[in-house]
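Here the structure comes first, spelled out in structure tokens, and everything after it is commentary.
No value in this document is a laboratory result; all are computed from the given coordinates. It should be emphasised that the depicted structure is a prediction, and the values quoted were computed from it without experimental measurement. As a convention, Cβ positions derive from the backbone with ideal geometry for all residues, glycine included, and neighbour counts pool all protein chains shown.
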Amino acid sequence: MKYEKPGTKALRLILLIVMLVFILFPFYWTFLTSIKPENELYGDTVTYFTVHPTFEAYKNLFTTTVNFLSAMGNSLIVAVSTTLVTLCVSTMAAYAFSRYDFPGRKALMSIFLCNNMFPTVLLLIPLYTIMRKLHLLFTPGSLILAYTTFTIPFSVWLLLGFINDLPMSLEEAAQVDGCTRGKAFIKIILPLLNPSIVATGVYIFMQSWNEYTFAMMFTNTATRTIPVALKSLIGQLGVQWDLLTAGGILTIIPVCIMFFFAQKRLVEGLTAGAVKG
Amino acid sequence: MKTKKRSIAPYLLVAPATIIIVCVVFIPVIQAILMSFQSYDLRRPNAIKFIGLGNYIEAFTDTQFLNAVLRTVIWVVLGVGFQFILGFVLALLLNRQFRGRGAIRAVSMIPWVTPGVLIGLMWRWIYDGNFGVLNDILLKLHIIDSAIPFLSQKSTAFPGVIVTIIWQGIPFFALMILAALQGVSRDLYEAAEIDGATKAQELFYITIPSIKNTIYVTGLLRIIWVANSVDVIFNMTEGGPAYSTQTLSVYIYNKANALNLGYASAMAICLALMLLVVVIPYLRMNFKEEKS
């Protein structure tokens with residue numbers, strides 16, 4: 001390592017702190033807003049810390065205004081179902097792309113990749129009419145179906161990278177020992193792939209938990225998900241910022257926890273996919 | 001060493017994913033194309049009829065559409081450009097050994113897992129003209145004399161939403177670049193140091209060429225996501241004031257909400273064609289990699 005001037009080190013530290021403040025301050029501010037008492041929230045002076053924290057907003061979120069609890073339930077149903085469906089079909093497809101060379105493989109892979117490129121607003125309009133005809137509109141089914149489609153390409157991409165990293169010899173050895181191909185997959189590949197599947201699952205969960213554009217169009221008061229419920233906290237008379245920020249904090253906590261556990265593996269998969277295609 | 005033997009197994013494995021994608025993406029895309037040639041307004045369901053290129057002609061004479069296209073280009077160039085630069089800087093800063101690195105890396109990724117709606121609303125609160133913290137900070141630093149209603153005046157609204165999208169995209173770039181940096185061989189830097197290369201030379205002649213694939217793919221993905229993004233702008237300004245933050249995707253969304261589906265579809269097709277220019281080189285590169 002080259003000798004480093006102390007000035008460079010200080011500069012680097014300052015730069016890092018500035019960037020972290022920029023990235024994290026909005027979250028601090030959101031949290032602070034959610035626990036500020038009302039007189040500090042809309043007072044003459046803006047306070048950067050509160051000595052009288054109150055969790056009134058969190059309580060009100062569940063007792064008054066919109067039914068936030070049921071929105072959380074709806075989001076959970078949609079996100080969990082989407083994650084399970086997408087993981088099943090994507091693992092199968094990724095395995096086929098990785099282990100078989102078959103006519104049409106390239107064409108199919110292109111279709112999967114292209115799928116990510118269509119503007120969501122382009123699909124929104126025809127899907128709305130299709131969902132209405134299928135009587136899926138305003139049910140969780142419509143969102144599960146839509147989110148499954150949008151998360152498949154990226155999931156296949158991620159899983160393909162992970163499976164490609166597992167040597168073929170593992171399955172071949174199992175097959176020599178008398179396993180069928182399917183059995184070799186279940187007994188050998190699946191356990192090894194497990195952490196990667198979890199990481200991919202976190203990605204899918206995050207996407208379906210956070211999506212707004214489709215949720216806004218495809219749900220009603222009874223079936224709406226958290227992002228829509230958040231937006232609905234903005235009423236005729238303006239925004240109730242304490243409620244809204246409390247709702248926001250509750251929204252990101254589950255995904256943050258999941259992300260922290262899965263982030264290392266997820267990053268490995270993302271870059272493997274980016275480099276290998 | 002892949003199985004070459006003819007077998008239906010791979011087709012069975014790929015079938016479920018393919019069927020879902022065809023039903024939920026390709027059929028709607030065809031429908032959208034058909035709809036774009038019709039006067040299709042749900043407020044006037046009896047007047048739905050084929051009008052050929054009518055919607056497209058309307059678009060190209062609609063100043064709102066043309067402005068939205070221009071705004072989308074600015075939105076993508078500035079948004080993705082700064083996401084890349086700042087993400088790169090963050091990745092370089094995090095690419096060293098220091099205590100608490102893992103925790104800092106994880107924490108700095110939170111904007112990426114935050115829903116767009118919440119991002120829009122959080123920043124709307126920060127920019128607030130009466131109680132917003134940004135105004136308070138700028139006033140205390142004596143940079144401004146009186147509070148600025150950032151999102152409700154034309155001159156500051158668009159820069160305001162661009163800063164927000166930059167903030168949202170930094171982590172993803174940083175995440176991808178940081179991971180790619182782990183694959184760059186230490187030997188290259190040592191050799192360069194022996195030859196007396198400066199830090200800047202190392203950056204431009206070793207680091208960037210080594211991770212250019214990652215930069216390329218991440219950039220393309222972000223371009224597509226940012227161009228398509230509706231939720232951040234919609235929840236900050238809904239495209240206002242006076243359409244000054246209305247990008248093409250927001251305009252389409254507003255038209256679709258107003259149930260003018262034919263016109264919205266035609267504009268969505270235009271957006272898709274614009275993105276295709278970006279996608280084609282990406283697909284090409286992908287298969288070139290595969291061959292080698």
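Listed by Cβ neighbour count within 10 Å, with the fewest neighbours leading, A:F22, A:F214 appear as A:F22, A:F214. Note on chain A: with a GNM built from Cα contacts shorter than 10 Å, the maximum mean-square fluctuation among A:V228, A:V198, A:V51 falls on A:V51. Counting only DSSP H runs of at least 4 residues, each contributing -39500 (n - 2.57), and dividing by the residue count of the protein assembly as shown, the helix-based mean residue ellipticity at 222 nm comes to -23000 deg cm²/dmol. Counted as membrane-span-like here are DSSP H helices of chain A whose alpha-carbon atoms extend 15 Å or more along the helix's own axis and whose Kyte-Doolittle mean is 0.0 or above; these are A:6-35, A:68-99, A:120-133, A:140-164, A:190-210, A:241-276. Counting neighbouring Cβ atoms within 10 Å and putting the fewest first, the residues A:M72, B:M267, B:M35 line up as A:M72, B:M35, B:M267.
Here the residues B:S185, B:S146, ranked from fewest to most Cβ neighbours within 10 Å of their Cβ, fall in the order B:S146, B:S185. Using the Cβ of A:M217 as centre and a radius below 14 Å, the other residues enclosed give a net charge of +2, where K and R count +1 and D and E count -1. Once both labels are positioned 7 Å from their Cα atoms along Cα-to-Cβ, the gap between B:L138 and A:K9 label points is 3.8 nm. In straight-distance terms, cross-link reach from B:K212 covers every one of the aspartates and glutamates whose alpha-carbon lies under 16 Å from its own, apart from those fewer than eight places away in the same chain; here that gives B:E202, B:E289.
Legend: residue pairs A:K36/A:K231; A:K36/A:K59; A:K133/B:K255; A:K264/B:K199, Cα-Cα distance threshold 25 Å; pairs beyond threshold, A:K264/B:K199. Separation of the range B:1-64 and the range B:185-210, taken as the distance between their Cα centroids, equals 48 angstrom. Calculated on the Cα set of the protein assembly as shown, radius of gyration then Dmax: 24.8, 80 Å. Once Rg and the Kirkwood radius are both taken over the C-alpha atoms of chain B, their ratio Rg/Rh works out to 1.05. Go ahead and run the numbers for FRET between A:K183 and B:I27, Cβ-Cβ distance against an R0 of 45 Å, rounding to 0.05. Taking R0 as 45 Å, the efficiency between A:K183 and B:I27 is 0.80.
Per residue, the Cα convex hull of chain A amounts to 210 Å³. Long hydrophobic helices in chain B, taken as whole DSSP H segments with a C-alpha length of 18 Å or more on their own axis and mean Kyte-Doolittle hydropathy at least 0.5: B:9-21, B:63-94, B:154-181, B:212-228, B:261-291.
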